[in-house]
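No lab work stands behind these numbers, since they all come straight from the coordinates. If you're wondering where the values come from, they're calculated on a predicted model, not measured in any experiment. Cβ placement follows ideal geometry from the backbone for every residue including glycine, while neighbour counts extend to all protein chains displayed.
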Amino acid sequence: MDLGIKDHLILVTGGGSGIGAAITRACLAEGARVVSLGRITEAVRHFRSELEAEGSSCEFMDAELGDASQCRRAIEHIQEQYGRLDGLVNNAGANDGVSLEHGSPDRFTESLRHNLLHYYALAHYAHPLLKESKGAIVNISSKVALTGQGGTSAYAAAKGAQLALTREWAVELLPFGIRVNCVLPAEVMTPLYRTWISTQSDPEAALKRIEERIPLGHRMTEAAEIAAMAVFLLSPTQSGHTTGQQIVVDGGYTHLDRAIT
């Protein structure tokens, strides 16, 4: 299936690791050009080397996404360097465990700055370019926006806000032909998830318990499966009439009755 994004310029936050790296790969496989924006860690450098060895090209821009001025500079660079932007994938973020009981208002605010601010800042600065291309925005949220989890007030607030912004932007940008949609992962084995599971007293047993609760196939969702949905939503030809949607890719983990497992 030709998704019609060959030679399109796609900006992916956190595009050098985890789900973001899978989205970068999926975009490149469709012939798109990708700019990954976020901190350039050792893992990101390793991913960049992998792409270079495979003959793929992706620009990696180092930025602190919690700083709106750096988001603005990134969009200015894209305008100067490429002259276009066809898609924005807001993906970067981390569950930092800022809870109601053990957090604080200051930590809550800081968490929102890192998990939510850049979603707005990049969409704000990028929307003139997206108007020109009639591009698309894909927000990556989380099942935590729908289910509640406990112990993660700030992250849940950010993820819930991302759903609201998806609907709000879909309306505001409708006159310009810009589509805005959201993908919600649940249990995906990313490096961050693997780090968390390793903190459990018996990691293998903990992982098995989680997998047993996932209805479809009793397995974790693959990052590539999240990426496939994200890239589909970027497609002007295959999802050109889809906007304002939140799509859960999780093997039924969020919505199906756990009794069936």
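Structural remarks
- Helices in the chain, meaning DSSP H runs of at least 4 residues, each add -39500 (n - 2.57). Divided by all residues, the mean residue ellipticity at 222 nm is -14000 deg cm²/dmol.
- Spin-label pair GLN238/ALA206, simplified geometry with 7 Å Cα→Cβ offset, distance in nm: 3.6 nm
- Candidate aspartates and glutamates for bridging to LYS208, where Cα separation is under 17 Å - those fewer than 8 sequence places away on the same chain excluded: GLU187, GLU222, ASP250
- Candidate lysines for bridging to LYS159, where Cα separation is under 23 Å - those fewer than 8 sequence places away on the same chain excluded: LYS143
- Residue order, fewest to most beta carbons within 10 Å, for GLU204, GLU132, GLU110: GLU204, GLU132, GLU110
- Between the helical axis of 153-172 and the longest alpha-carbon principal axis of the chain there is an angle of about 40 degrees.
- Pairs of alpha carbons in region 72-179 whose separation is greater than 18 Å (percent): 52 percent
- Residue order, fewest to most beta carbons within 10 Å, for TYR120, TYR155, TYR253: TYR120, TYR253, TYR155
- Candidates ARG194, ARG39, ARG167: whichever shows maximal mean-square fluctuation once the chain is modelled as a Gaussian network with Cα springs under 10 Å: ARG194
- Neighbour-count order for SER133, SER153, SER17, SER56, fewest beta carbons within 10 angstrom listed first: SER56, SER133, SER153, SER17
- Once C-alpha pairs closer than 8 Å and six or more residues apart are averaged by separation and normalised to the residue number of region 103-261, the relative contact order reads 27 percent.
- FRET efficiency for LEU174 and GLU110, using Cβ-Cβ distance with R0 set to 35 Å, rounded to 0.05: 0.55
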